[in-house]
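Note sheet for the following structure.
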Amino acid sequence: MIRLAKPEDAEQLFLLNQEFNGKDVVVMESFCYSKIYAEITEVFVTKEYRRRGYASKMIEFAQKYCQENFAVENFQLFTGRSNKRAQKLYKSLGYCKDDAILYRKS
């Protein structure tokens with residue numbers, strides 16, 4: 001079942017985030033665009049549940065929720081250059097690779 005997170009999910013979501021990102025979490029600020037985009041970040045399914053379609057269902061749920069509740073029609077997501085599985089998934093869901101480049105400085 002795919003659903004919106006509730007306050008009582010916070011601890012489990014925190015643990016999933018740590019599993020995905022490690023203990024040192026980096027926070028990225030949003031960019032400004034000429035169109036309104038919903039940004040989907042950190043799609044993660046634990047190892048034992050992978051290859052069952054859950055990532056696709058989560059993304060489709062998020063898209064539908066944003067369309068119905070916020071009239072958002074444009075979506076973007078980020079993934080690592082070497083994450084070929086994720087890139088294949090996103091392409092299968094209709095996402096196209098962009099030429100955006102991310103710069104960081106600490």
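Can you confirm whether segment 40-49 contains a residue that is surrounded by 15 or more Cβ atoms within 10 Å (Cβ to Cβ), in contact (Cβ under 8 Å) with a residue 40 or more places away in the chain and of a type in the set (Val, Ile, Thr)?
yes
Would you confirm whether any residue within segment 74-84 is within 20 Å of GLN18 (Cα to Cα) and among the β-branched types (Val, Ile, Thr)?
Yes, some residue in segment 74-84 is within 20 Å of GLN18 (Cα to Cα) and among the β-branched types (Val, Ile, Thr).
Only residues in segment 50-71 that are within 18 Å of LYS91 (Cβ to Cβ) count as the first member; pair them with residues that are outside any helix (DSSP H, G or I) and of a type in the set (Gly, Ala, Ser), Cβ under 8 angstrom, at least 6 apart or cross-chain, and list the lot.
ALA62/ALA38; GLN63/ALA38
Could you check segment 57-77 and list, in sequence order, the residues that are within 12 Å of the chain's Cα centre (by Cα) and surrounded by 15 or more Cβ atoms within 10 Å (Cβ to Cβ)?
Selection gives MET58, ILE59, ALA62, GLN63, PHE75, GLN76, LEU77.
Residues being in a helix (DSSP H, G or I) and at pLDDT 90 or above: count how many of those fall in segment 69-106.
Number satisfying all stated conditions: 9.
The values are calculated or read from the model by the stated rules, or taken from the named source; none is laboratory data. Treat the numbers as computed from the prediction; the structure is a model and nothing was measured. Ideal geometry is used to build each Cβ from the backbone, glycine not excepted, and the neighbour counts take in all protein chains shown.
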